[in-house]
Structures are given as C-alpha cells and as structure tokens.
Amino acid sequence: MTDPGQRPRRGQGELEALVLSALREADGPATAGWVQERLGGDLAYTTVITILTRLLGKGAVTRERVGRSFAWTPASDQAGLAARKMRKVLDAESDRGAVLASFVTGLGPDEERLLRDLLDQAQGEGDD
C-alpha cells in the first residue's frame, strides 16, 4: 500500500522517456542541470546523470565535454529511437524470418500498404 504523501513509482523506462523528451525540447546540447530544471526539479541531479548515462549506453544520446561536465544531445528522433529498439529485438532472435513474419501478419491494411511503399522506395534507391 502506498503512503498518501508518497508519489507512486514511475514505470520502467518512463524516466528515460521524460529525459529524452526534455532533451528534444532543448535548442542544442543540454546539461544534466538543465534537464533536471526542465523536469521541474522533481528528480535528484544524480538520478538525471544516471538516466543520461544509461541512455548513452543504449545509444539514445550523445555527449560532449563542456568545461568540467557534459552536454547531452538525443542521438535521433522518436522514430529513430523506436527503429533502434526494433532492430535490437530483431538482432536478439535466432529466427529472424519468424519474427518478421509474425510482425507483418499483425499489421493492419494501412500499415501494410505503408510498409510496401517504404520497401518499394528503398528498393528504388538501391537501384541508383
């Protein structure tokens, strides 16, 4: 049971999503302190650093040294991050064909049409 004065715990990945969202709102590379302020100061500075370091390990952010600290930048947009996650899942499976087949059979007609268009487009670019 949760204490009435205590906030419920955030779900796994929720903090990472919040930090990435804050970084995307920045005009350029942002410090951990800036991210902490942007999130309302609700998180400890060390927690923000931990999340950024985990995101760096996942390839979701990059960092550059600025003075004695780092400035952080998202490595890609939301679509790029989702694609990276999908690729990681696919790379972890031994039967890629089965995974892709299962994915494709779960698509709706509009998604299937979009996928076909994207594949045709990619094939056309490869012919150059």
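What residue, among those in region 29-41 that are at negative phi and assigned to a loop (DSSP other than H, G, I, E, B), is most open to solvent (accessible area, probe 1.4 Å)? Spell out how you get there, then give the answer.
So the first thing to find is which residues in region 29-41 are at negative phi, and the list is 29-39.
Filter once more, keeping what is assigned to a loop (DSSP other than H, G, I, E, B): 29, 39.
Values: Pro29: 75, Leu39: 46 Å².
This residue is Pro29.
Among the residues that make up region 81-92, is at least one of them touching a helix residue (DSSP H, G or I) at 6+ places or on another chain (Cβ under 8 Å), at pLDDT below 90 and of a type in the set (D, E, K, R)? Within region 81-92 (the criterion being touching a helix residue (DSSP H, G or I) at 6+ places or on another chain (Cβ under 8 Å), at pLDDT below 90 and of a type in the set (D, E, K, R)), the answer is no, since none of the residues qualifies. Within the set Leu81, Leu114, the sole residue that is in contact (Cβ under 8 Å) with a residue 60 or more places away in the chain and hydrophobic (A, V, I, L, M, F, W, C) turns out to be Leu81.
When the criteria are applied in full, Met1 meets the requirement of being of a type outside the set (S, T, N, Q), in a loop (DSSP other than H, G, I, E, B) and either closer than 25 Å to Leu119 by Cα or at pLDDT below 90 (or both). Residue selection: Ser69 fails the criterion of being under 28 Å from Glu16 (Cα atoms), out of contact with any strand residue (DSSP E or B) (no Cβ under 7 Å at 6 or more places or on another chain) and among the hydroxyl-bearing types (Ser, Thr, Tyr).
The values are calculated or read from the model by the stated rules, or taken from the named source; none is laboratory data. Everything numeric in this text was worked out from a predicted model, so none of it was measured. FYI the Cβ positions are ideal-geometry reconstructions off the backbone, even for glycines, and counts take in every protein chain you see. All accessible areas refer to the heavy atoms of the entire protein, side chains included, with ligands and DNA or RNA removed. Shrake-Rupley method; radii C 1.70, N 1.55, O 1.52, S 1.80 Å.
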